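Worksheet for the structure shown next.
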Amino acid sequence: MSDAVPDPELFDKVVNLCKRRGFVFPSAEIYGGFRSTYDYGPVGVLMLRNVKDAWWRSMVQLRHDVVGLDASILSPPQVWEASGHLQNFSDPLVDCRNCGARHRLDNLDDPDQCPTCGMKGQFTEPRQFNLMFKTQAGPVDGAGADAYLRPETAQGMFINFANVLNTSRKKPPFGIAQIGKSFRNEITPGNFVFRTREFEQMEMEFFVPPNESQKWYEYWCNERLQWYIDHGIDPSLLMLRPHDADELSHYSSATADVEFMFPWGWGELEGIANRGDYDLTQHATHSGAKLEYYDQAANERYVPHVIEPAAGATRTMMAFLMAAYDEETVNDDTRLVLRLHHRIAPFKVAVLPLSKKDELRGPALDVFAMISDRYQADYDETQAIGRRYRRQDEIGTPYCVTFDFDSLEDQAVTIRERDSMEQVRLPISDVMGWLAEHLG
Ligand code: GAP
């Protein structure tokens, strides 16, 4: 067990940095904001994309046994009837008769006392509140028009199981991966982008022969924990926590969470669940489709079991920001630096001409064009060079390339490394090779 402890001050520091440097803005801010929704700014959109690309690279690109999918967000009630979400995907709510506040019963320290007004014994009977967003498809209201915004991407993989099996030439064990938006009408959204009503998930359904499910469950628990470590999160800030029996979702026979030490304590980043044959069986029963695999060699038909690593992209981005945030004293000054893994960092390189005079701008832009063809790069020519370095440190850019007046003569540039602040001078013709060595 890790001895990491929460750092409550980190929360405001990261939220402020996100606003100040263009990672994340409160949505509809000019109208006073809108209920725990957020917009990803110029730097945040790059970082979020990098989180998703890093996941896709590990889960699809580098694997021969996983294929991708992009299923629709809108879906008919039948999908959610079969999945169990219409019946089970709800939280118990109570209203306080004294002050009118509404609370999630399972979140209360004292189930008899209202945390808003302090009165005891004033709660109504609990009511189940379904977390799915319901809407209508087409202009006519009424039967047949009901639709739901998906509360998880997972069902897209189950209802396309036969399509993928028939077209991809894969056989169990194999997986279907998807990244996309999900929507939940959370009763208690909060902690910045940790829990929002609109968020992005990165989920993979791994279909296996039933007798191999425990082996693959353990495999994916280890793989997924390691993924966060490989992308720069210190292992002491992570743990794998198996669920107790009373915590398990309606579909799961075993689940473990990858948890991260957030500023308020341990919190879930990802769940790895053994879903058994629940989903395929449910959809086969409700739709009448055959959702099974015929193993020719053994001449047997079976419903594969499913191991599901399900992560949140937006929540994971927040964890990367918190794990990377660092302040150090340099020359009696505080240097704020995001020590992000280069795969996750919004920009890999920043090109900084020493001055914005035309004689430097032209050739510096040529260097930018050369680098940005291969790597996401920033170009910044305003303010003193020291301040520009600090700005890049704050958004986690691993390398700054400075084009100065000597560069006009020697056709060389200075490369500054973010964490050590060490500098090397290199011929421009060697820059791409050097970056390839350091960034891949
Ligand atoms: N298909 C299984 C499933 O959806 P989940 O634990 O409910 O499992 C998976 O969600 C991941 O999605 C969570 O570990 C979390 O990272 C992310 N997630 C879930 N609800 C979220 C919310 N309201 N806001 C942000 N991320 C959320």
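The values are calculated or read from the model by the stated rules, or taken from the named source; none is laboratory data. None of the values given here were measured: they were computed from a predicted structure. When we count neighbours, we look across all protein chains shown, and the Cβ atoms used for this are built from the backbone with ideal geometry, even at glycine. Ligands, DNA and RNA are excluded from the accessible area calculation, which covers all protein heavy atoms including side chains. Shrake-Rupley method; radii C 1.70, N 1.55, O 1.52, S 1.80 Å.
Under the Karplus relation 6.51 cos²θ - 1.76 cosθ + 1.60, θ = phi - 60°, what is the ordered set of whole-Hz ³J(HN,Hα) values for region 243-249, x standing for Gly and Pro?
Each residue's phi maps through the Karplus curve to give 6, 6, 4, 7, 9, 5, 5 Hz.
Counting pairs of alpha carbon atoms under 8 Å apart in space and at least six apart in sequence, what relative contact order in percent does region 339-388 give?
Result for region 339-388 is 44 percent.
With each label point set 7 Å from Cα along the Cα-Cβ vector, what nm distance links residue 373 and residue 299?
Between residue 373 and residue 299, the simple spin-label model gives 6.1 nm.
What is the projected area of the convex hull of the Cα atoms of region 137-256, averaged over all directions, in nm²?
Over all viewing directions, region 137-256 projects a mean Cα-hull area of 11.4 nm².
Considering just Cα atoms, how many Å³ per residue does the convex hull of the chain enclose?
Hull volume over Cα atoms, normalised by residue count, gives 203 Å³.
Report the full-extension gain for the segment residue 12 to residue 73: residue separation times 0.36 nm, less the Cα-Cα distance, to one decimal in nm.
Extra length available between residue 12 and residue 73 comes to 18.7 nm.
State the percentage of accessible surface on region 274-420 attributable to carbon and sulfur atoms; use a 1.4 Å probe and exclude ligands, DNA and RNA.
Exposed carbon and sulfur together represent 43 percent of the surface.
Amide H to amide H under 5 Å from residue 174: which residues, 5+ apart in sequence or cross-chain, H placed 1.01 Å off N in plane?
For residue 174, whose amide H was placed from the backbone, the distant partners under 5 Å are 207.
In square angstrom, what is the accessible area per residue of the chain with a 1.4 angstrom probe?
With the other protein chains kept in place, the chain gives 48 Å² per residue.
Under 8 Å for C-alpha pairs, at least 6 residues apart: give me the relative contact order for the chain, rounded to a whole percent.
Once normalised by length, the contact order is 14 percent.
Please name whichever of 331, 69, 136 sits farthest to the positive end of the charge dipole of the chain, dipole taken about the Cα centre and charges placed at Cβ: Lys and Arg +1, Asp and Glu -1.
Towards the positive end, the residue furthest out is 136.
Efficiency by 1/(1 + (r/R0)^6): what FRET value for residue 143 and residue 410, r their Cβ-Cβ distance, R0 = 60 Å, to the nearest 0.05?
After rounding, the FRET efficiency stands at 0.20.
Name the long-range amide H neighbours of residue 39: under 5 Å, sequence gap of 5 or more, or other chain; modelled H, no Pro or chain starts.
For residue 39, whose amide H was placed from the backbone, the distant partners under 5 Å are 25, 27.
Of all the accessible heavy-atom surface of region 74-163, with the other protein chains kept in place and a 1.4 Å probe, what percent is carbon and sulfur?
Reported share for carbon and sulfur atoms: 50 percent.
Please list 119, 421, 132 from largest to smallest accessible area, probe radius 1.4 Å, with all protein chains kept in place.
119, 421, 132
Treating only the Cβ atoms of Lys and Arg (+1) and Asp and Glu (-1) as charged, compute the dipole magnitude of region 1-131 about its Cα centre; round to the nearest 20 debye.
500
So what are the radius of gyration and Dmax for the Cα set of region 283-367, in Å?
Looking at region 283-367, its Cα Rg and Dmax stand at 26.8, 75 Å.
Once you place label points 7 Å from the Cα toward the Cβ at residue 124 and residue 335, how far apart are they in nm?
Label at residue 124, label at residue 335, 5.8 nm between them.
Between residue 135 and residue 4, 0.36 nm times their residue separation minus their Cα-Cα distance comes to what?
42.8 nm
Quick one: 3J(HN,Hα) in Hz for region 305-321, Karplus 6.51/-1.76/1.60 with θ = phi - 60°, rounded, Gly and Pro as x.
After applying 6.51 cos²θ - 1.76 cosθ + 1.60, I find 8, 10, 10, 10, x, 10, 10, x, 6, 5, 5, 5, 4, 4, 5, 4, 4 Hz.
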